[in-house]
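Okay, structure first, notes after.
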Amino acid sequence: MREVNTTCAYCGVGCGVSIAPDGKGVHGDASHSANLGRLCQKGERLLDTLPLPSAMRYPRLHGKTTDWDSAIALMAERFSAAIRDHGPGSVALYLSGQLLTEDYFVANKLAKGFWGTANVDTNSRLCMSAAVSAHQRAFGEDLVPGCYQDFEQAELVVLVGSNAAWTHPVLFQRLLRARESRGTKIVVIDPRKTATAAQADWHISLSPGGDLALFSLLLLELSRQGAVDPAYVEAHTQGLDATLASLDAALADTGAAARALGLSLPELQKLVDLYRSNKVVTAFCQGVNQQVSGTDTINAIINCHLLLGQIGKPGCGPFSLTGQPNAMGGREVGALATQLACHLSFGDAERQLLHGFWPGSQLPDAPGLTATELFQAMADGKIKAVWIMATNPMVSLPDRELVQRALQTCPFVVVSDITPDTDTAQLADLLLPALGWSEKSGTVTNSERTISRQRAFRAPKGEARADWQAVCALAQAMGYGGFDYPSAAAIFREHAALSSVVKGAFPEKHFDISPLATLSDEAYEAMAPLRWPVGAQEPRLFADGRFAFKDGRARFVPPAVMPSIPSIKAAPAINERPARLTLEPGNFQLNSGRSRDQWHTRSRTGHVAALCRQEWEPQLYLAPKDMQALALKEGDLVALAMQEQAEQADGVAVKPSELKNVSKAELFLPVKKDDSLKPGHPFVSMHWTGQELGSGVNAVVAAEVDPISRQPAFKGQKVRLSPLGPVWKLVHYGELASGQQGYLRQQKLCLESGAAEVFYFPPGVTPASGVAPAPEGNPGRQLKVLRWQLKAGQKTIWLQAWSCGEILAGFNIAAKGDLPLDHIALAAMVGRPLDGALLKALESQVLAGDSPLVCLCRGVSRQGIETALAQCPDGAEPLLWASEQTGCGSGCGSCLGEVRAIADEFLMSVEVSHG
Ligand SMILES: Nc1nc2c(c(=O)[nH]1)N[C@H]1C(S)=C(S)[C@@H](COP(=O)(O)OP(=O)(O)OC[C@H]3O[C@@H](n4cnc5c(=O)[nH]c(N)nc54)[C@H](O)[C@@H]3O)O[C@H]1N2
Ligand SMILES: Nc1nc2c(c(=O)[nH]1)N[C@H]1C(S)=C(S)[C@@H](COP(=O)(O)OP(=O)(O)OC[C@H]3O[C@@H](n4cnc5c(=O)[nH]c(N)nc54)[C@H](O)[C@@H]3O)O[C@H]1N2
Ligand code: SF4
Ligand SMILES: [Mo]
């Protein structure tokens with residue numbers, strides 16, 4: 001057996017990973033051009049994610065196991081009937097950037113080619129469609145010009161609306177190393193001071209939504225100050241004058257416009273100087289794509305690069321960071337409702353070409369419904385059968401309530417997933433088990449156009465099938481020819497052959513993988529990562545200044561909607577207002593995005609304890625000024641609702657008595673202070689689902705769409721925030737039932753060992769102190785109950801423990817308001833003999849909050865040791881001092897090594913801060 005080289009399952013960096021011959025080890029593939037051997041935390045933990053809490057092995061119809069033949073026969077019947085009775089517009093596919101290119105290719109072929117509907121959209125609509133539209137408008141085709149080496153060869157890298165340190169970590173690490181070796185400057189434009197911004201040379205904390213105005217101002221100033229490459233503009237572009245003229249009028253007062261964005265004139269000038277005197281890469285992601293003006297903003301960025309002639313050359317260019325591992329592959333095969341295969345559009349010649357290529361096909365003559373339009377049509381009863389593959393729209397699409405209504409209205413919902421637990425799978429009529437990463441085989445394309453193989457290295461259990469196999473089975477059952485592929489390789493060859501035909505007919509197109517049309521099965525199996533256009537020597541597109549329009553010229557694109565200057569007045573207004581229960585709607589604009597260790601709707605990462613520690617539970621992060629203005633303390637609960645809904649309501653905060661009938665579109669979140677935020681712009685991680693929150697974050701995010709790309713503007717949702725004050729929180733440890741009822745929200749935590757569950761209670765409601773029922777399967781077991789309380793400053797913490805035969809069987813900890821706890825340390829106490837020492841340790845750990853306990857014997861936490869060290873007099877030996885002051889290490893002494901390490905670390909940090 002040999003190592004298997006495959007590609008990471010997560011982000012669009014597309015790192016190569018090598019799997020040890022026994023399938024038990026993973027490391028970065030040093031030969032892969034994307035990562036050159038490096039991996040991030042998520043990549044390192046890939047194998048840990050594979051055992052799912054409940055994997056899907058067999059098809060299920062309305063919850064009951066069925067077989068594939070029956071499932072496919074039923075699908076053929078339902079989809080055929082819908083098309084026959086209601087037309088091709090009544091069926092749809094909703095796909096995902098986590099499918100392989102081969103899956104995507106056949107799905108698109110089935111719907112667009114044979115069902116005759118363009119109702120094929122993908123979660124890339126929520127992610128990349130603004131970039132797709134902007135590329136098409138500027139370049140004539142959806143093309144990312146640069147490659148990752150540009151990040152290393154640039155003199156300046158500007159990251160706009162990208163938290164790459166967390167979301168594209170390996171690429172960001174490449175950038176940091178380049179800075180070390182050659183002094184690359186890094187500028188981050190983000191309203192939040194993210195982990196990425198914290199490492200930048202300059203963080204521009206722009207007013208949210210200000211990017212279009214900023215890059216428009218930059219274009220104007222560059223051109224006014226003569227920083228133009230006239231030869232380039234003259235030879236390779238068109239539309240500059242018209243673009244400048246239209247912007248001139250909108251942004252006449254540069255100073256006022258800059259100030260409104262939160263920038264001084266000298267700062268704007270600094271940015272102008274940086275652009276005019278450096279080779280610049282401008283990389284952008286969801287902070288730009290997920291705006292109402294997303295497409296215009298990307299074109300504004302591209303405009304600046306065209307003006308400077310900084311495109312198609314080493315170390316410069318606009319760079320769209322793709323989100324998912326195969327968002328790019330989906331775009332290549334045309335699996336968006338707004339395009340056909342191979343970057344074709346819906347013109348007659350293009351449709352003719354495809355018709356000729358797929359005998360018997362009938363192609364739609366207009367774009368289909370985009371993601372949000374599709375679910376609206378579904379809710380309106382217009383879609384009679386839908387197949388959702390590798391995405392969880394109940395959580396990820398805007399307006400969860402609408403999505404739920406849509407899935408409940410649609411008469412036949414098929415969902416293909418690797419687990420039946422997702423919020424979407426629970427609403428399916430028919431569930432199909434798909435092969436997941438490690439079991440499936442095919443290709444993916446990353447952000448820099450590199451196609452790499454994903455290879456199977458584990459045998460699937462049960463009857464899960466590759467998504468392409470399920471699609472082809474349905475197509476054949478519906479009587480369509482051309483779906484009898486023997487392998488993924490055969491599909492890939494057809495994709496490449498189509499690219500060859502398209503290139504022949506439209507030579508101006510740049511997407512070209514035609515040399516791969518003749519790959520043998522063996523060559524496909526062995527295929528090393530390669531970039532398209534396949535066969536080109538030059539890794540960048542447009543090196544020759546030729547773009548994909550017939551005339552070869554790139555387009556300067558003026559904004560379709562002129563830049564609106566976001567007002568920064570909202571922030572002081574909140575601050576001036578006296579604290580009161582409900583703020584008027586409109587004062588809060590909710591920002592949402594990714595946390596470091598979780599992947600999207602958590603179906604692949606929420607069960608790995610190590611990936612859950614960074615953020616145990618959903619929280620609403622708030623700027624300190626907002627906390628103050630609303631008289632909120634950390635841990636207080638707030639109710640969050642969409643502004644639209646708030647406007648209909650009477651403007652009064654939820655009263656506890658009304659909480660029984662809370663609207664679905666309301667979220668209850670504890671708040672956490674976050675210095676990185678601007679007032680008025682709270683942040684929440686997008687990852688939380690019905691399993692943790694009883695609902696998803698997008699229950700309160702309706703997200704207007706960008707009129708050009710139809711991408712939802714997730715990043716700027718107007719919300720109403722109603723403080724509910726400190727409420728009772730209870731955490732239960734152990735496998736027993738906690739005996740709780742009447743809570744507002746409950747969530748199981750994912751721990752390496754042991755179990756824990758968190759409960760939040762409505763205002764005015766206290767947790768039950770009843771005896772926990774005996775564990776299931778052991779009804780006769782006698783439990784002893786112990787109840788007591790602890791004082792932590794002003795706060796009273798209630799404890800209740802159950803012992804069974806002198807063993808601690810489980811316990812509850814409850815308090816009103818903030819209750820930080822070290823869940824790992826506490827859960828580990830369950831199952832130990834309940835003696836005085838354990839009780840003492842338990843109490844100390846509770847008082848230590850979420851600081852881990854170091855000395856178990858004396859109950860001293862890391863925090864306690866650090867507090868003592870901070871008071872250590874000069875000349876005293878820190879270890880001895882800490883031990884004397886806290887008692888740590890004076891019991892069994894086994895913690896002394898750890899105490900010494902803390903003391904050393906503490907001394908180091910003191911030296912660093914002094915030196
Ligand atoms: N850990 C992790 N990594 C991932 C993923 C994941 O789920 N988890 N998902 C992958 C996918 S599919 C995607 S699309 C990418 C997304 O990668 P990113 O786009 O980097 O991630 P986000 O956190 O969605 O948003 C980025 C930043 O946009 C900022 N922002 C909000 N509003 C504005 C604005 O008006 N202007 C500007 N300039 N910035 C703004 C936010 O504050 C946030 O810091 O991540 C990929 N990588
Ligand atoms: N509020 C807010 N909402 C957002 C965003 C945001 O920033 N803020 N970001 C948006 C963006 S950029 C994105 S990309 C989306 C992501 O949103 P989703 O696509 O909904 O998120 P995932 O959790 O990745 O869903 C993938 C599903 O496919 C399943 N799966 C995994 N592998 C396979 C396979 O091989 N075959 C099949 N059939 N199933 C598989 C997984 O178990 C999971 O249920 O969320 C969007 N929604
Ligand atoms: S950077 Fe992205 S592709 Fe690379 S290992 Fe991390 S998650 Fe995987
Ligand atoms: Mo994404």
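What the table shows:
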| quantity | calculated |
| --- | --- |
| Extreme residue, positive dipole direction of the stretch 129-321, given options 187, 264, 143 (C-beta unit charges) | 187 |
| Fraction of beta bridges assigned by DSSP in the chain that are antiparallel (%, nearest 5) | 65 |
| Sequence-distant aspartates and glutamates (8 or more away, or on other chains) whose Cα lies within less than 13 Å of residue 678 | 190, 626 |
| Signed unit charges on C-beta, dipole axis of the chain, positive-most listed residue 502, 233, 682 | 682 |
| Rounded to the nearest 20 debye, dipole of the stretch 300-413 from Cβ charges on Lys, Arg, Asp, Glu | 180 |
| Amide H contacts under 5 Å for residue 317, placed H, 5+ residues apart | 280, 281, 282 |
| Label zone at residue 735, where the point sits 7 Å out along the Cα-to-Cβ direction: the stretch 801-823 residues whose backbone N lies under 19 Å | 801-812 |
| Full-extension gain in nm, residue 769 to residue 549, via 0.36 nm per residue minus C-alpha separation | 72.0 nm |
| Between helix 265-276 and the chain: long-axis angle, C-alpha atoms, 0 to 90°, nearest 10 | 50 |
| Gain in span if fully extended, residue 277 to residue 863, counting 0.36 nm per residue against the direct Cα distance | 206.1 nm |
| Interchain or long-range residues, amide H under 5 Å from residue 717's placed H | 590 |
| Cα centre as origin, Lys/Arg/Asp/Glu Cβ charges: the chain dipole, Debye | 780 |
| Ellipticity estimate at 222 nm from DSSP helix runs (n ≥ 4, -39,500 (n - 2.57)) divided over the chain, nearest 500 | -9000 deg cm²/dmol |
| On Cα atoms only, tilt of 488-505 relative to the major axis of the chain in degrees | 40 |
| Dipole magnitude of the stretch 853-914, debye to nearest 20 (Cβ charges: Lys/Arg +1, Asp/Glu -1, about Cα centre) | 260 |
| Reachable aspartates and glutamates, given that their alpha-carbon falls under 19 Å from the alpha-carbon of residue 509 and they are not under 8 places away in the same chain | 141, 142, 332, 348, 350, 448, 494, 538, 544, 551 |
| Acute angle (nearest 10 degrees) that the helix 400-409 long axis makes with the longest principal axis of the chain, alpha-carbon atoms | 70 |
| Cross-link reach list, lysines versus residue 24, counting only Cα pairs under 21 Å and skipping chain neighbours closer than eight places | 42, 440, 461 |
| Computed over the chain: relative contact order in percent, which uses C-alpha pairs under 8 Å that are six or more apart | 13 |
| Segment residue 54-residue 894, length gained on full extension (0.36 nm per residue, minus Cα span) | 298.5 nm |
| Shape of the chain, Cα gyration tensor, a/c cut at 1.5 | prolate |
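Computed from the coordinates by the stated procedures, all read-outs in this text should not be read as laboratory data. Keep in mind it's a predicted model, so treat the numbers as computed, not measured. When we count neighbours, we look across all protein chains shown, and the Cβ atoms used for this are built from the backbone with ideal geometry, even at glycine.
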